[in-house]
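One structure is given below, encoded as structure tokens.
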Amino acid sequence: MEQNIKRIDATFSVSGQLAPSDLQALPALGFRSVVCNRPDHEGGPEQPEHGAMQQAAEALGLNFAYLPVQTTGATAEQAQQLRELLAELPKPVLAFCRTGNRSSKLYEAATQGTREVRQFDVVVVGGGSAGLSVTASLLKRDASLRIAVIEPNTEHYYQPAWTLVGGGAYDVRDTVRPTGEVMPKGAQWVKASLCAFAPQRKVVLLSDGTELGYQQLIVCPGLQLAWEKIEGLEETLGKHGVTSNYRHDLAPYTWELVRSLRGGKALFTQPGMPIKCAGAPQKAMYLSCDYWRKQGVLASVSVEFNLAGAALFGVPTFVPPLMKYVEAYKAQLAFQSNLVKVDGPNKTAWFDVTGADGQVTRVEKRFDMLHVVPPQQAPDVIRRSELADKAGWFETDPATLQHPRYPEIFAAGDVCGTTNAKTAAAARKQVVVVADNLIALRHGRALPKRYDGYGSCPLTVEKGKVILAEFGYGGKLLPTFPMDPTVPRQSAWFLKATLLPWFYWQGMLKGREWFTDCKPD
């Protein structure tokens, strides 16, 4: 229930359609009032009438109001009615409709003119790799720009090294720095969360109740790890042999498990696409197997890689060299096998396996070590906004990275609804495209840059060797160096483990744009 609620500010939140049973959780979440904005009989028979909702709410001590809004949008009279309700109802208030969008827009209309609005030339949503890099690149082009970076977290992470941490090849302490230290000089850090977009007014709404106005907006909040979609997982992460390199605090536990395992069953998982760094799930397996082989215990460890998809890697060119390592490590591949449930104390996992006939079977598997990669999705604030595409990702032109309906809005990084690999290397090239195109837009010129879908996945097939997979849209190979990219190389390991982390902190986050030219067809 809680994950379906979107907080607009300290006093008002929205959600999609609620059932009477959903209301039971609201008092514990602090809500005191409920507003129904969905007209009765709009949906099918599963939609409860507002009378039933009111009865259930009042039985729980919640105040209830019915203010139906049609799908065509709220009227000025309805905005005034909500203003009056907000003056009367005990707070916090939760409003709902079919998806939450009508409730959000009604609240925007009702509170317009009552919020503090701070104006900037450019607002950047997200202080991750893409957000800080595009900010630095913009300030290099025009140091006079007034740029706000919305980022609630006080720590900034170099996530590509977490796989190395899980393989015992990198110190986790070197993957984190205070956000204040890496914030580009000249930008204003707004330490708050984004609650909603109001693109018609060119403002964004923040968790502290303020609004930021912009001339241009860059959306790069990354993606959301949906741990909760795997039953029982959240309760057992970091114990009972269950780990993941997709979290800073868990990557060291991966290495602890790898070092201590002398035999038994090791399961590695990969959910359905898209995910952050599609090669990372199998990289965890390769580094673990390499360690067990060098310790002489690999023969005692039964290794299995469960993939929700039907292919080992999305670019066919790299499958044969990867299969050589799968075979050398004697790892079993279980295709179309999706992790759905975990019981850590009993060391049991369940997978939904799709057969050749399309039938899905629930399969139980025991484990001694389980490395989990969670399902991934766009952040809630994106998925529930009008800026999202049908899959919930930020809708953007795949070449210009500009929103098709709001030309003053761009995106970069994992949130983009484009078909490129979601990697830091992709963001490195995207931010240059966005920076050049945004500056051109500000000066009334045609957008000069096109993104070719470049992404890079350094596949750590053993400690000391990497297959450097670089490719763009459609799986087109885009190697940076004139060498066979399918060959595992020590030089690529040096690039992955030493040069790229240094370049990230000292180059990319400081607006240095080496090797960033895109080459569209």
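The values are calculated or read from the model by the stated rules, or taken from the named source; none is laboratory data. Small disclaimer: the values here were computed from a predicted structure and weren't measured. Don't worry about glycine lacking a Cβ; one is built from the backbone with ideal geometry, like all the others, and counts go over all protein chains shown.
Every test in (1) surrounded by fewer than 21 Cβ atoms within 10 Å (Cβ to Cβ); (2) under 18 Å from A421 (Cα atoms) is passed by F394 save one, and that test is (1).
Being surrounded by 18 or more Cβ atoms within 10 Å (Cβ to Cβ), under 19 Å from P501 (Cα atoms) and assigned by TED's automatic domain parsing to the domain that holds A161 holds for only one residue in A435, A426, and it is A426. For the range 255-340, the strands (runs of 3 or more DSSP E) that sit wholly inside it and include 1 or more residues that are more than 30 Å from the chain's Cα centre (by Cα) and either in the same structural domain as H371 (by TED's automatic domain parsing) or farther than 23 Å from P160 by Cα (or both) are 264-270, 301-307.
Of the strands (runs of 3 or more DSSP E) lying entirely inside the range 71-171, the ones with 3 or more residues being under 30 Å from R38 (Cβ atoms) and of a type outside the set (V, I, T) are found at 93-96.
Kindly indicate whether T71 is over 30 Å from A425 (Cα atoms) and surrounded by fewer than 18 Cβ atoms within 10 Å (Cβ to Cβ). It is true that T71 is over 30 Å from A425 (Cα atoms) and surrounded by fewer than 18 Cβ atoms within 10 Å (Cβ to Cβ).
What residue, of V165, V182, V176, is under 21 Å from T423 (Cα atoms), at pLDDT 95 or above, surrounded by fewer than 17 Cβ atoms within 10 Å (Cβ to Cβ) and β-branched (V, I, T)? Quick ask: steps written out before the conclusion?
Numbers: V165 fails: surrounded by fewer than 17 Cβ atoms within 10 Å (Cβ to Cβ); V182 fails: surrounded by fewer than 17 Cβ atoms within 10 Å (Cβ to Cβ).
On inspection, the qualifying residue turns out to be V176.
For the residues V35, V69, the requirement of being more than 13 Å from L89 (Cβ to Cβ) and modelled with pLDDT of 95 or more singles out V69.
Would it be correct to say that G209 is over 22 Å from the mean Cα position of the chain (by Cα), of a type outside the set (D, E, K, R), assigned to a loop (DSSP other than H, G, I, E, B) and farther than 25 Å from K463 by Cβ? Even if it seems obvious, please write down each step before you answer.
Values: over 22 Å from the mean Cα position of the chain (by Cα): yes; of a type outside the set (D, E, K, R): yes; assigned to a loop (DSSP other than H, G, I, E, B): yes; farther than 25 Å from K463 by Cβ: yes.
Spelling it out, G209 is indeed over 22 Å from the mean Cα position of the chain (by Cα), of a type outside the set (D, E, K, R), assigned to a loop (DSSP other than H, G, I, E, B) and farther than 25 Å from K463 by Cβ.
Taken over the range 223-246, the criterion of being under 14 Å from P375 (Cα atoms) and out of contact with any Lys or Arg (no Cβ under 7 Å at 6 or more places or on another chain) is satisfied by Q224, L225, A226, W227, E228, K229, L233, E234, S244, N245, Y246. The set of residues in the range 341-354 that are touching a strand residue (DSSP E or B) at 6+ places or on another chain (Cβ under 7 Å) and either assigned to a strand (DSSP E or B) or not assigned by TED's automatic domain parsing to the domain that holds F305 (or both) comprises K341, V342, T348, A349, W350, F351, D352, V353, T354.
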